[in-house]
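The values are calculated or read from the model by the stated rules, or taken from the named source; none is laboratory data. All values derive from a computational prediction rather than experimental measurement. When we count neighbours, we look across all protein chains shown, and the Cβ atoms used for this are built from the backbone with ideal geometry, even at glycine. Surface areas here come from the heavy atoms of the whole protein model, side chains and all, with no ligands, DNA or RNA. Shrake-Rupley method; radii C 1.70, N 1.55, O 1.52, S 1.80 Å.
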Amino acid sequence: MHLTRYTDYSLRTLIYLGMRPEKLATISEIAAYHDISRNHLMKVVHQLGANGYIDTLRGKGGGIKLARPPEQIVVGDVVRSMEENMDIVACFQPDFSACVLAPACRLKTAMNEALHSFLATLDLYTLADLIGEPQKDTKLR
């Protein structure tokens with residue numbers, strides 16, 4: 001399974017926001033932090049907002065923040081909502097009829113099972129799990 005950059009950037013944005021829950025962030029700030037295109041990130045942020053993962057505040061002093069606690073954002077749900085196409089083989093597509101193996105082939109069944117297992121594993125994790133605990137200063141004094 002290969003996730004698109006779009007989904008990768010979505011997860012990176014949520015992780016960034018989750019690491020700084022007390023502060024608003026800007027698209028430019030996140031783009032610079034991850035060294036990704038600001039224009040591409042604008043589209044990602046728009047969809048994250050439309051899907052209810054982030055809140056956006058316009059105007060001077062505005063920015064973006066998580067719409068709910070990291071513990072309530074399930075990674076599998078984010079992936080499902082951000083990935084445009086989860087068809088990992090051509091025969092997943094409803095209009096695909098070119099396969100001469102279709103009457104006897106079980107590839108679609110195996111791939112479908114693998115996809116469900118992949119997503120089920122991601123469903124076990126929340127954004128809080130991806131952020132982890134803040135590291136404490138371990139320097140000896």
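Test I36 against the stated conditions and say whether it is modelled with pLDDT under 95 and open to solvent by less than 50 Å² (accessible area, probe 1.4 Å).
yes
So that you can scan it fast, the table gives a plain yes or no per residue for (1) modelled with pLDDT under 65; (2) surrounded by fewer than 12 Cβ atoms within 10 Å (Cβ to Cβ):
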position: G61; (1), (2): no, yes
position: R68; (1), (2): no, no
position: I73; (1), (2): no, no
position: G76; (1), (2): no, no
position: F92; (1), (2): yes, no
position: T109; (1), (2): no, yes
position: E113; (1), (2): no, yes
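Before we move on, is G52 of a type in the set (G, A, S), loosely packed, with under 15 Cβ neighbours inside 10 Å and closer than 21 Å to D129 by Cα?
yes
Being modelled with pLDDT under 90 and either exposed (fewer than 12 other Cβ atoms within 10 Å of the Cβ) or not β-branched (V, I, T) (or both) is the requirement here; does A120 meet it?
So A120 does not fit the description; no.
Look through region 2-46, keep the residues that are without any contact (Cβ under 8 Å) to a residue 40 or more places away in the chain and of a type in the set (F, W, Y), and return whichever of them is nearest to I64 (Cα to Cα).
Among those that are without any contact (Cβ under 8 Å) to a residue 40 or more places away in the chain and of a type in the set (F, W, Y), it is Y16.
Here is a check on your reading of the model: is L41 assigned to a helix (DSSP H, G or I), out of contact with any helix residue (DSSP H, G or I) (no Cβ under 7 Å at 6 or more places or on another chain), surrounded by 17 or more Cβ atoms within 10 Å (Cβ to Cβ) and at pLDDT 90 or above?
Answer is no for this residue.
How do the pairs read when you match residues in region 108-127 that are outside any helix (DSSP H, G or I) with residues anywhere that are acidic (D, E), using Cβ under 8 Å and keeping only pairs 6 or more apart or on different chains?
Partner pairs satisfying both residue conditions: D123/D77; T126/E71.
Could you figure out which of (1) under 15 Å from Y125 (Cβ atoms); (2) in contact with a Phe, Trp or Tyr (Cβ under 8 Å, 6 or more places away or on another chain) isn't true of L41?
(1)
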